[in-house]
Structure formats: structure tokens, C-alpha cells
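The values are calculated or read from the model by the stated rules, or taken from the named source; none is laboratory data. Because the structure is predicted, anything quoted here is derived from the model rather than measured. Here Cβ is always computed from backbone atoms with ideal geometry, including for glycine, and neighbour counts include all displayed protein chains. Side chains included, ligands, DNA and RNA excluded: accessible areas come from the protein's heavy atoms. Shrake-Rupley method; radii C 1.70, N 1.55, O 1.52, S 1.80 Å.
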Amino acid sequence: SAEMLRGKRVIVTGASSGIGEQMAYHLARMETHLLLTARTEAKLQKVVERCLELGAASARYVSGSMEDPSFPEVVVREAENTWGGLDMLILNHIGHSGFNYFDGNVGQVRRLMETNFLSYVAMTSSALSMLKESEGSIVVVSSVAGKIGSPFAASYSATKFALEGFFSSLRHEFIMDKVNVSITLCILGYINTESAVRAVSHVIRDKPAPKEECALEIVKAGALRQRELHYPPWVVSTALLLRDIAPEFLDSTIRSNYHVENLKR
């Protein structure tokens, strides 16, 4: 129920659009305290205003780029100075990556690793003492591309696989050390965010799932301290099952789902 999150202190990254924006609105209706972050200040201002209209206990923002190694600590410090603690950290931001054949651009891979992976680690590290004190939750928004290799997304997929390795290992350590902080990995398929549709709709045959419902499922999974969320559930869960029992069939199915002729090298 919404009462589970009422009054909780929540950071949402990547909150100016897409799934992050929708999560902010759901959390606002649940009367949480929100700290939102993204690159674009003008968009963040509008999201904060809407969150306050929807009933957020409070809402504020910090704008900046996660490509800056110092920015994750800036965001967490703002939460500590404002609230003195933190109950939920939702890591949702993502760096821009092309959808095409890998062209050997190692620099792009390094930039994506900074934004899509290292900043997640940095924010978790900075927030961990507050989360331990509140026995809070970490929600990591990832992708089926972090479980199964996908064509035309080699750099992006690498960063998502890295998230799986780090946070799954960290979960073990929390349990062994009796640290009562939950980690929820959200494994998402194709969602109808503006950026995703613009990047891949001309190539992928599938229809995207709604971002509003996806955002609510992520919030619920974090509140219920679930180990993993699959969304859309039947698409992701079926793909992961086939990965283990029929990997070559899955690979063939994945490749057949692309209009390769629509790609421009």
C-alpha cells in the first residue's frame, strides 16, 4: 500500500523524463520526500513542480551529469544535508549510447562505464551509511541486455552486465554481514520512453511496454524489497528461461526480431 512509503526519503536519478519521471510522480502520490537528479535543470524544475502538485511531502532537485565522477557524492550530500538520512536510493540514470554495429570506439565504452556503472557504485558507496542506519533499500534499474547479449548494443550491454555482477555480489556481502539493506535489480525489456522509441523503433519489431506501469512496478518492487523485477514479466522471464535451456534458439529468435536493413552504419 502507499502507506508503506509515506514520509520516506527517496533519491531518484534520471528523473527528468521517461521511467524516472514516472517513478517520481508515483512516489509523490505516496507522499514521500523526493530528491530528483538529471542533466537538464529546466525539465527537473517542471517535474518537481508536478510532484508537489501530486502530494509529495517535499520535492527538490540537483542537476548535473553523472559523467562527472564527483557528482554522485554531491547528490548524496544534498540528501544528507536536507534530511539527515535516506530510506531508498533508486538508480535509474543512463548515458546516451548509439544503437548500431560496434565501431571500435573504446572511448565511448569508457564514458558509458562511468555513467551507467561507476556512478551507480559511487552513489551506493556514498549513501550506504545512511541506508544502513535506516535499513533502507537500493533499487537498480537495469535491462535484459544485462542478462543476455543483444546486437547493436555492445557498449550498453557491457555496462548492464557490470551492474548485475557488482550488485549481486554486494547483496551476498550484506547478507553475510547482517546488513539489513535490500537490493532490487530491475530487469527491463523494451519500454516506450521517448529516448528508447527514438533510438530503436525503426529496427526492433516488438511493441514497447508502457513506462507508467513499468515505473509503478519498480517502486513496488523496491518497497517490497524484492530481489529482482522482470518487466514486462512474461517477455523477460521467458527470455531468461530460454537463455539457460535453449541458448542457440534464443539467439536466433533475438536476431530475427531486428529489421537490420533499417540500420545506418
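Within segment 15-34, how many residues turn out to be part of a strand (DSSP E or B) and either in contact with a Lys or Arg (Cβ under 6 Å, 6 or more places away or on another chain) or not aliphatic (A, V, I, L, M) (or both)?
Total meeting the criteria: 1.
If we keep just the residues of segment 167-206 that are part of a loop (DSSP other than H, G, I, E, B), of a type outside the set (A, V, I, L, M) and in contact (Cβ under 8 Å) with a residue 12 or more places away in the chain, which is surrounded by the fewest Cβ atoms within 10 Å (Cβ to Cβ)?
The qualifying residue surrounded by the fewest Cβ atoms within 10 Å (Cβ to Cβ) is Arg205.
For segment 207-233, what are the residues that are modelled with pLDDT of 95 or more and open to solvent by 60 Å² or more (accessible area, probe 1.4 Å)?
Within segment 207-233, Glu212, Glu213, Lys220, Leu224, Arg225, Gln226, Arg227, Pro233 qualify.
Restricting to segment 225-248, name every residue that is small (Gly, Ala, Ser) and either assigned to a loop (DSSP other than H, G, I, E, B) or over 20 Å from the mean Cα position of the chain (by Cα) (or both).
Ala246
How about segment 122-136: which of its residues are closer than 24 Å to Cys214 by Cβ and either within 14 Å of the chain's Cα centre (by Cα) or free of Cβ contacts under 8 Å to residues at least 40 places away in the same chain (or both)?
Within segment 122-136, Met123, Thr124 qualify.
Would you point out which residue out of Ile11, Ile90, Ile94 is assigned to a loop (DSSP other than H, G, I, E, B) and either in contact (Cβ under 8 Å) with a residue 60 or more places away in the chain or surrounded by 17 or more Cβ atoms within 10 Å (Cβ to Cβ) (or both)?
Ile94
Can you name the condition, by its number, that Met66 falls short on among (1) of a type outside the set (Asp, Glu); (2) in contact with a strand residue (DSSP E or B) (Cβ under 8 Å, 6 or more places away or on another chain); (3) under 18 Å from Lys8 (Cα atoms)?
Here Met66 meets the rest and fails (3).
Based on what the data block shows, is Tyr61 at pLDDT 95 or above and hydroxyl-bearing (Ser, Thr, Tyr)?
yes
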